[in-house]
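Structure first, then comments.
Rule-based calculations on the coordinates, nothing more; no lab input. In this text, all values refer to a predicted model and were calculated from it rather than measured experimentally. Counting neighbours? That spans all protein chains shown, and the Cβs are built from the backbone with ideal geometry, glycine included.
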Amino acid sequence: MDIQQEFTKEEQLINSLKKVLAQDDLSQHKALVKRLSSELKASVLDCAAALSLLNNPKLGRKLVERVDIGAITVSAKQKVVRYRLDVGLTHQVSADEIKDMLVEVSGVERKRIAWMDIRSFYTLVDLPDGMAADIFQLLSETEVNNQRLNIKRVKHQRRFHRRGNRYSPRANETKSNA
């Protein structure tokens, strides 16, 4: 497992834990961990670590210093476009598999794939600007782990135009009409 994959899995775990801690009632699970720790004569932390190991055996085997690989850009002058691919962690793809496929199909140099974020059901990737239409079509029909890429360009969205924001002109219209 390379550094980027381990970093991505750790980030996914952190995000999942944040959601569970914020939304779910954990009282029954806390009681279970306490029972397990007293029965096994182990600390609660050791029991939690063992449960984590059972769930993610490959996570944390090689402890490396966390490096934000996604923030590394190849060149400040290189213009890139963000794309969304319909493959993600649930499809059991790795960053290397996606990069290899992009290099093979589109002919883009591996070092010019500037940024990649593999999420649960999709992947965001920055590719050099100026992709030909025929290559774009080939990529949308290409499959990784029996899942079509269905590549789509992600349009830039300015923050103050997002739905429900107080600076939106529509929001002001509805307030004045009320």
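Structure above, values below:
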read-out: Radius 12 Å from Cβ of Ala48, net charge of other residues (Lys, Arg +1; Asp, Glu -1); value: +1
read-out: Extended-chain gain in nm, criterion 0.36 nm per residue less alpha-carbon gap, Asn150 and Ser120; value: 9.2 nm
read-out: Sorted by Cβ density within 10 Å, fewest first, the residues Arg119, Arg35; value: Arg35, Arg119
read-out: Of Val144, Met101, Val81, farthest towards positive along the dipole that unit charges on Lys, Arg, Asp, Glu beta carbons give the range 70-153; value: Val81
read-out: Estimated dipole of the range 70-153 in Debye, rounded to 20 [Cβ of Lys and Arg +1, of Asp and Glu -1, Cα centre]; value: 400 debye
read-out: Of Lys18/Lys111; Lys19/Lys79; Lys79/Lys99; Lys79/Lys152; Lys18/Lys155, pairs whose Cα-Cα distance is over 23 Å; value: Lys18/Lys111; Lys19/Lys79; Lys18/Lys155
read-out: Förster radius 30 Å - calculated FRET efficiency between Arg112 and Lys19 (Cβ-Cβ, nearest 0.05); value: 0.30
read-out: Neighbourhood net charge (14 Å Cβ-Cβ; Lys/Arg +1, Asp/Glu -1) for Asn146; value: -3
